[in-house]
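In what follows, a structure is listed as structure tokens, so that the remarks can point back to it.
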Amino acid sequence: MLRFLIRRALGAIVIIFLLITLTFFAFHTMPVDPAQLNCPKGCNPELLTQIRQNMHLDRSLGTQFWDYISGLFIGQDMGSIGHCAAPCFGYSYNTQQFVWDRISANYPATFVLAIGGAACFLIIGVGLGMLSAWKQGSILDRVASSISLIGQSTQIYFIGPLAMALFVYSLGWLNRPEYIPITQDPWGCFMGMLLPCLVMSVIFWSNYTRQVRSLMLEQMSEDHIRAARAKGMSSSYVWWRYALRGAMAPIITIFGIDLGTVFSGAIITEYTFNIQGLGFLAVKSVNSMDLNLELGVLIFSSVAILLFNIIVDATYGLLDPRVRLG
């Protein structure tokens, strides 16, 4: 298992390095001056010159890249701004802050939203899928299938305001969506992020309901399931011990692929509920043409997705030993 994790980690490091390389050179070889992209509104020639000096744009492109890579691990000096401590993603002249300071202030909201949304769509999707397969052909099965089809065709920006109007302002069952640091108020964080997590999970659990139902029915027709039944094992024991375990491996694979989509969905969800997360920050950086902030958010989000995928791969390896040997 350790060798399996080491291989995955080394592969992730290579992917991260290639990603940083491609994004850096893509942004810094554009026909537009990188200093101009980082210069805020009302930029004057003096500030533009200062930005060029702080970003070391007078050096060769290879040296700039080495400065950027080394800054991520040991930090770097940025002229008049001072020392940028590691991990140094540069300085945002629009917000007058180091990029890492902005990312570290915003990523907890996205992290809670992504983890909470993933937990919601796994619990609801897998639960409904198993229930639908267990009651195959019943009214419950048809209702669950219909709900999943409707949920898969909806959009976050459509059901978000409707859900908030119904559950927050009309019925008063849920708190108004907001992010409260979990270290400050765990219960307040849970209640404030519950509705956004549920709304973001709708599209995902609708898909998982159909996937789990199909996989469970497929597993129940396998030879080893019939052999277990022939030995006199109860239906519930066969269901939980053999069928569910066989169906979970493909679901975990799909979950690993969906992690990137979860972060993409967080952008729309954050804007819908006005949550100050990484998605909100990414859109803001694009609108303000903040090059350093765009690069920082892109690299940080990519690293987070890769780390989540390593965790998923480890879980998959525990469920299926053949993966560890491959």
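The test for being in contact with a strand residue (DSSP E or B) (Cβ under 9 Å, 6 or more places away or on another chain), under 17 Å from V297 (Cα atoms), assigned by TED's automatic domain parsing to the domain that holds F273 and assigned to a helix (DSSP H, G or I) does not hold for A109. Of the set (1) under 20 Å from V297 (Cβ atoms); (2) in a loop (DSSP other than H, G, I, E, B); (3) out of contact with any Leu (no Cβ under 6 Å at 6 or more places or on another chain), all apply to I103 but (2). Yes or no: W240 surrounded by 17 or more Cβ atoms within 10 Å (Cβ to Cβ) and among the aromatic types (F, W, Y)? Considered against the rule, which asks whether it is surrounded by 17 or more Cβ atoms within 10 Å (Cβ to Cβ) and among the aromatic types (F, W, Y), W240 comes out as no. When you check G137 against the structure, is it without any contact (Cβ under 8 Å) to a residue 40 or more places away in the chain, outside the structural domain of E294 (by TED's automatic domain parsing), over 27 Å from A304 (Cβ atoms) and of a type outside the set (A, V, I, L, M, F, W, C), yes or no? Criteria not met by G137.
Per this entry, F4 is not counted among residues that are farther than 20 Å from I305 by Cβ and touching a residue at least 12 places away in the same chain (Cβ under 8 Å).
For the stretch 275-326, the tally of residues that are more than 24 Å from L18 (Cα to Cα) and modelled with pLDDT of 80 or more stands at 7. Restricting the stretch 86-100 to residues that are of a type outside the set (S, T, Y) and closer than 12 Å to S285 by Cα leaves a set whose member that is surrounded by the most Cβ atoms within 10 Å (Cβ to Cβ) is V99. Which of the residues spanning the stretch 222-237 are in contact with a Lys or Arg (Cβ under 9 Å, 6 or more places away or on another chain) and either exposed (fewer than 12 other Cβ atoms within 10 Å of the Cβ) or in a helix (DSSP H, G or I) (or both)? Scanning the stretch 222-237 gives A228, S235. Scanning the stretch 62-85 for residues that are at pLDDT below 85, assigned to a helix (DSSP H, G or I) and surrounded by 12 or more Cβ atoms within 10 Å (Cβ to Cβ) turns up G79, I81.
Here is the figure for the stretch 195-232: residues that are of a type in the set (F, W, Y) and in contact with a Ser or Thr (Cβ under 7 Å, 6 or more places away or on another chain) total 0.
Quick check: is even one residue across the stretch 177-196 modelled with pLDDT of 85 or more, surrounded by fewer than 19 Cβ atoms within 10 Å (Cβ to Cβ), in a helix (DSSP H, G or I) and β-branched (V, I, T)? No, because not a single residue in the stretch 177-196 is modelled with pLDDT of 85 or more, surrounded by fewer than 19 Cβ atoms within 10 Å (Cβ to Cβ), in a helix (DSSP H, G or I) and β-branched (V, I, T). Selection of the stretch 20-56 for residues being basic (K, R) and surrounded by fewer than 12 Cβ atoms within 10 Å (Cβ to Cβ) yields only K41. Considering the conditions (1) surrounded by 13 or more Cβ atoms within 10 Å (Cβ to Cβ); (2) under 30 Å from L18 (Cα atoms), R59 is excluded by exactly one of them, (1).
Could you tell me whether P161 is within 17 Å of I115 (Cβ to Cβ) and either touching a strand residue (DSSP E or B) at 6+ places or on another chain (Cβ under 9 Å) or at pLDDT 80 or above (or both)? No, not satisfied.
Taking the condition of a type outside the set (G, A, S), more than 23 Å from the chain's Cα centre (by Cα), surrounded by 15 or more Cβ atoms within 10 Å (Cβ to Cβ) and assigned by TED's automatic domain parsing to the domain that holds P196, does F121 pass? Here the answer is no, as F121 does not meet what is asked. Residues of the stretch 49-59 include none that is among the β-branched types (V, I, T), on the phi < 0 side of the Ramachandran plot, in contact with a strand residue (DSSP E or B) (Cβ under 7 Å, 6 or more places away or on another chain) and not assigned by TED's automatic domain parsing to the domain that holds I156.
The values are calculated or read from the model by the stated rules, or taken from the named source; none is laboratory data. Since this is a predicted model, take the numbers as computed values, not measurements. Glycine gets a Cβ as well: all are built from the backbone with ideal geometry, and neighbour counts include every protein chain shown.
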